[in-house]
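**Student:** Please find one structure pasted underneath; my questions will follow.
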Amino acid sequence: MKVKARCGYCLLHRGYKEILRATEDEVLRLKVMRELLRLLGRLLTPEAVPAWVGTERDRLIRRMTGCPDPYKGEKRRANELALKLLPRVERIIEEAEPGDRLREVCRIACLGNIIEYDVPGHSHDIEEALDRLRGERLYVDDTDRFRKLIRPGLRVLLLTDNAGEIAFDKLLVRELRMHGCHVTVAVKGGPCLNDATLEDAEAVGMTQEADRVITTGVDAVGINLSESSEEFREAFHSADVIVSKGMANWETLTEYEAPAPILFLLRAKCEPVADSLGVPLRSNVAKLVDRGWSL
C-alpha cells in the first residue's frame, strides 16, 4: 500500500508523540524534530510505503534520544489490562454456538487491534470497545472461507501486531490448535512503536499457547522481507496459511504477492487503510486473499 497525503500528517504526529515519550529534554526534542522533518521530506515519495517510512522514523528517534523503547511502559500496561479482561472475552467464546466460534474469535482479534497509540483521531480504550463488542460486526467477513481451509496438520503463521492485543490473539491460536493446526506465532525482533516483542509474548503466555514463537528478526514496522531473518523468511514462505494482524502488516504485505492464502484481521483506524480496503473508517475486517494475490 502506497502513502496518501494524510500519511504524512500521521507519520509526523506519531513521531512527535514518540519524541515526547523518549526524552524530556526540550533542546533535544527540537533537534530530533528537525531531523525527522528532513527524513520525511526525503522518504515521503508517491511510491513510499507508510509502515516502512515509519520504521525509519522510529529508528531515527531511538538513535538520537538514546531511548531504546519509548513505548515500554505502555506495552506493559496494555498486557496487564488485556490479561485482566481476557476471562470476560473467553466467556464470549464459550457462549458462542460451535459454528460461530471462529467468527467470534476473529471479531475479538479485531477488537484487540484497537490497542494502538498516537494514531490521530483513534481511541485505544479497550475497555470501552469491549462494552460495545456484542453490537459490532465484521464489515468484511471471510471467516466461512477461512474455516474451509482449516484441517489437521495445517501450518499456520500468525503475524502479531501490538502488545496487549497479543493476549487476545491467544484465543485464535487456541481455536486453530483445537482443529489440529500447527501454529507458529511471529513477533517483532526489536522494539518498534507498541508492537509485541518476545518479551510481550512471554508476558501474556503466548509462548505456552503456540506450537512455536519466533521473531521477524528485525525492528521493522509491519513486514520487510529484505531485512527479516532467514528463520522468519523460511516460516513465511513455507506456511500453508498466514494470518496477518493489524494495519502495518496490511500496508507492507500488500507490496508482495501472497505466498499462501492470507487472512487479514484488523480494524481500519485511518482513512488511507480504510480506503485501500474499500471499507468505512473504524470497520472490523477479516479479509481472506488467495495465494498470488497482491493489491
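The values are calculated or read from the model by the stated rules, or taken from the named source; none is laboratory data. Not measured: the values here are computed from a predicted model. In this analysis, Cβ positions are derived from the backbone assuming ideal geometry, glycine residues included, and neighbour counts consider all displayed protein chains. For accessibility, only protein heavy atoms count, side chains too; no ligands or nucleic acids. Shrake-Rupley method; radii C 1.70, N 1.55, O 1.52, S 1.80 Å.
**Student:** Per residue, how much accessible surface does the chain expose to a 1.4 Å probe? Answer in Å², no decimals. Before the final figure, lay out each step's value.
**Tutor:** On the way: 12370 Å² over 295 residues.
Heavy-atom accessible area per residue stands at 42 Å².
**Student:** Next up: Helix 101-112 sits at what angle to the longest principal axis of the chain, using alpha carbons and giving 0 to 90 degrees rounded to 10?
**Tutor:** Helix 101-112 sits roughly 10 degrees off the main axis of the chain.
**Student:** In percent, how large is the relative contact order of the chain, given Cα pairs closer than 8 Å and 6 or more residues apart?
**Tutor:** Relative contact order here is 20 percent.
**Student:** Take peptides 56-68, 152-164, 214-226, 39-51 and line them up by average Cβ neighbours within 10 Å, highest first, as a rough protection proxy.
**Tutor:** Highest-to-lowest ranking by the protection proxy: 152-164, 214-226, 56-68, 39-51.
**Student:** If I fit a long axis through the Cα atoms of helix 5-22 and take the longest principal axis of the Cα atoms of the chain, what angle between them do I get, 0 to 90°, rounded to 10?
**Tutor:** 80 degrees
**Student:** Give a residue-ordered list of calculated ³J(HN,Hα) values for region 196-201 (Karplus: 6.51 cos²θ - 1.76 cosθ + 1.60, θ = phi - 60°; whole Hz; x for Gly, Pro).
**Tutor:** Along region 196-201, the couplings run 6, 10, 4, 4, 6, 4 Hz.
**Student:** For a quick protection proxy, order the peptides 89-101, 178-190 by their average other-Cβ count within 10 Å, most packed first.
**Tutor:** My ranking of the peptides, most packed first, is 178-190, 89-101.
**Student:** Under 9 Å from the Cβ of ASP169, count the other residues' Cβ atoms, weight Lys and Arg +1, Asp and Glu -1, and hand me the total.
**Tutor:** -1
**Student:** Another question about this same structure. As a check on your grasp of the helix formula, calculate [θ] at 222 nm for the chain: sum -39500 (n - 2.57) over DSSP H runs of n ≥ 4, divide by the residue count, round to the nearest 500.
**Tutor:** Numbers: 13 runs with 149 residues, N = 295.
Counting only the DSSP helices, I get -15500 deg cm²/dmol.
**Student:** Same structure again: Listed here are the pairs LYS2/LYS287; LYS84/LYS148; LYS72/LYS188; LYS31/LYS75; LYS4/LYS31; which of them are more than 23 Å apart at the Cα?
**Tutor:** Pairs exceeding the cut-off: LYS84/LYS148; LYS31/LYS75; LYS4/LYS31.
**Student:** Roughly how many percent of the accessible protein surface of the chain is carbon and sulfur, given a 1.4 Å probe and a whole-percent answer?
**Tutor:** 49 percent
**Student:** Still on this structure: May I ask for the net charge around TRP52, where only other residues with Cβ less than 9 Å from the Cβ of TRP52 are counted and Lys, Arg are +1 while Asp, Glu are -1?
**Tutor:** Details: positive: none; negative: GLU56, GLU251, GLU255.
Neighbourhood net charge equals -3.
**Student:** Then there is this: For region 177-281, what does the alpha-carbon gyration tensor say about shape, rounded, prolate or oblate, given a ≥ b ≥ c as the root eigenvalues, a/c under 1.5 as rounded, and a/b over b/c as prolate?
**Tutor:** Details: a/c = 1.44, a/b = 1.36, b/c = 1.06.
Rounded is the answer for region 177-281, as its axis ratio a/c remains below 1.5.
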